[in-house]
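**Student:** Dropping a structure here in structure tokens format, bear with me for questions.
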Amino acid sequence: MALTTPATRPANPRFSSGPCAKIPTFKLELLQDAALGRSHRAKVGKDKLKAAIEGTREILGIPADYKIGIVPASDTGAVEMAMWSLLGARKATMVAWESFGSGWVSDVVKQLKIDADVLEADYGKIVDMASIDYNTDVVFTWNGTTSGVRVANGDVIPADREGLTICDATSAAFAQDLPWDKLDVTTFSWQKVLGGEAAHGILVLSPRAVERLESYTPAWPMPKIFRLTKGGKLIDGIFEGATINTPSMLAVEDYLVALDWARAEGGLKGLMARADANAKTVWDFCDANDWIANLAEDPATRSNTSVCLKFTDDRIQDGAAFAKAVAKRLEAEGVALDIGAYRDAPAGLRIWCGGTVEQSDVAAMLPWLEWAFHAEIEAQTEAA
């Protein structure tokens, strides 16, 4: 059959799940005030780092008594720093339903060798968060970037828990409403939902987490890059802009510009609305086509940022090869870049729907997805 290519193309074909699309208004000229060639310890550098911290607090609604630090190595560095510094004081519960959560399990069980229960769920599903013993230290991802599944809310996390909750929220922050009173340690990177430049992480500590840091010393040697205390006291400077190592002031400026854009879009509520609208556009497309479906099985736990899809047509002979071929066709047409499923995830596609993506671009891309699907089915039939 003859296939007609869609008439409209996305203005921006970037749907990568990290680093993610820049803010829609981005241009290099917006970074001209960056403190380039200046020490990050000079007043200009400290002021910008402090502005990044306080802008994060403002837009995300982080309580005033929570500490916010900019740390090295993106979200991964922030999670590792938290686990190496805080775990071991009591039993842990490791929760995983996608690849990054599984990585944290491996680090704790195989590297730190901490006494831990491990709760896991397959891609597309989620662990029953109500079944967890919150008197243990609980490590979990809020939004599974590689599975498209998120925690619906924090209602089941008890206020009177004895353990700490350590939450990797890297594809949730700035797109989902995080319950700060239920989270003791929260990590993310600005390269995700705000489309910032990579390499920097954010570490958010509750007063309970600070108390643990100041009352507990891990049994293992602590690399300098992970040290959050000195002489049994929190190094407050880290949470006021005095970073552990040298940050990129260009990346910091890019983040400040993104924070300004977020304010103009209505802050957290505006960003959530943009992500919700983008994700719903994809969900509606799946509902209208019987050959594709959301990998997340329960609508209540579907991610509104990293929307993971699976092909369901019985004619598909090799799921992985088919998904790669569809993604390749879309990239060749310049209508959707970097939308293949994560390497450890089930075969399929992953479409980033965070707030920096325009809904009009999502809507323009989806007819191309339908075109690529039928084109690949036809090619497969001809090759048989």
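The values are calculated or read from the model by the stated rules, or taken from the named source; none is laboratory data. As the structure is a computational prediction, the values presented were derived from the model and not from experiment. No Cβ is skipped: glycine too gets one built from the backbone with ideal geometry, and neighbour counts run over all protein chains shown. What goes into the accessible areas is simple: the full protein's heavy atoms, side chains included, and nothing from ligands, DNA or RNA. Shrake-Rupley method; radii C 1.70, N 1.55, O 1.52, S 1.80 Å.
**Student:** Order the peptides 265-275, 374-384, 89-99 from the highest to the lowest mean number of other Cβ atoms within 10 Å of their residues.
**Tutor:** Working: 265-275: 18.2, 374-384: 12.6, 89-99: 21.4.
Taking the mean over residues of other Cβ atoms within 10 Å, the ranking is 89-99, 265-275, 374-384.
**Student:** Between (i) 24; (ii) 21; (iii) 18, which matches percent of Cα pairs over 38 Å apart calculated for the structure shown?
**Tutor:** Given (i) 24; (ii) 21; (iii) 18, the calculated one carries the label (ii).
**Student:** Same structure again: State in Å² the accessible area per residue of the chain; use a 1.4 Å probe, count heavy atoms of protein chains only, and round to the nearest integer.
**Tutor:** Result: 42 Å² of accessible area for each residue.
**Student:** Need the C-alpha centroid separation for segment 121-146 versus segment 1-79, integer Å.
**Tutor:** What the calculation gives is 27 Å, centre to centre.
**Student:** Using 1/(1 + (r/R0)^6) with R0 = 51 angstrom and r between the beta carbons of Leu36 and Ser131, what's the FRET efficiency to the nearest 0.05?
**Tutor:** It comes out at approximately 0.50.
**Student:** List, in the order given, every pair from Lys48/Lys230; Lys22/Lys328; Lys182/Lys224; Lys110/Lys269; Lys50/Lys280 whose Cα-Cα distance in the structure shown is over 32 Å.
**Tutor:** Exceeds cut-off: Lys110/Lys269; Lys50/Lys280.
**Student:** Suppose we take every Cα in segment 237-384 and form the convex hull; what volume per residue is that in Å³?
**Tutor:** Per-residue hull volume (Cα only) is 160 Å³.
**Student:** Explain nothing, just the number: relative contact order of segment 118-259, from Cα pairs under 8 Å at least 6 residues apart, as a whole percent.
**Tutor:** Normalised by residue count, the contact order of segment 118-259 is 16 percent.
**Student:** Name the residues of segment 18-52 whose amide N is less than 16 Å from a point 7 angstrom out from the Cα of Leu250 along the C-beta direction?
**Tutor:** Residues passing the 16 Å test: 27-40.
**Student:** Next question. Taking the Cα centre of segment 1-158 as the origin, how large is its charge dipole in debye, to the nearest 20, when only Lys and Arg (+1) and Asp and Glu (-1) carry charge on their Cβ atoms?
**Tutor:** Values: 18 positive and 18 negative charges, 179 e Å.
Taking the Cα centre of segment 1-158 as origin, the dipole is about 860 debye.
**Student:** Report the one residue of Ala96, Gly77, Gly45 whose Cα lies farthest in the direction of the positive end of the charge dipole of segment 1-128 (charges on C-beta: Lys and Arg +1, Asp and Glu -1; origin at the Cα centre).
**Tutor:** Gly45
**Student:** With θ set to phi - 60°, apply the Karplus curve 6.51 cos²θ - 1.76 cosθ + 1.60 along segment 267-277 and write out the HN-Hα couplings as whole Hz, x wherever there is a Gly or Pro.
**Tutor:** Karplus values, whole Hz, x for Gly and Pro: x, 4, 4, x, 5, 4, 5, 5, 5, 4, 5.
**Student:** I would also like to ask the following. Through the Karplus equation 6.51 cos²θ - 1.76 cosθ + 1.60, θ set to phi - 60°, convert the phi angles of segment 7-20 into ³J(HN,Hα) values in whole Hz; use x for Gly and Pro.
**Tutor:** Per residue, the Karplus-derived 3J(HN,Hα) values read 7, 10, 10, x, 5, 10, x, 7, 10, 5, 8, x, x, 9 Hz.
**Student:** When all protein chains stay in place, what accessible area (Å², nearest 10, 1.4 Å probe) is found for Glu162?
**Tutor:** Glu162 exposes around 110 Å² with every protein chain in place.
**Student:** So if I restrict to the alpha-carbon atoms in segment 182-278, what is the Rg, and what is Dmax, the biggest pairwise distance, in Å?
**Tutor:** Calculated on Cα positions, Rg and Dmax stand at 16.3, 49 Å.
**Student:** What percentage of the solvent-accessible surface of the chain, computed with a 1.4 Å probe over protein heavy atoms, is contributed by carbon and sulfur atoms? Walk me through the numbers on the way to the answer.
**Tutor:** Working: 8040 of 16100 Å².
Of the solvent-accessible surface of the chain, carbon and sulfur hold 50 percent.
**Student:** Relative to the longest principal axis of the chain, what angle (0 to 90°, nearest 10) does the C-alpha long axis of helix 43-60 take?
**Tutor:** 60
**Student:** Something else about it: Report Leu337's accessible area, 1.4 Å probe, all protein chains in place, as a number in Å² to the nearest 10.
**Tutor:** So the heavy atoms of Leu337 present about 40 Å² to solvent.
**Student:** In degrees from 0 to 90, rounded to the nearest 10, what is the angle of the helix 319-332 Cα long axis to the longest principal axis of the chain?
**Tutor:** So the inclination is approximately 90 degrees.
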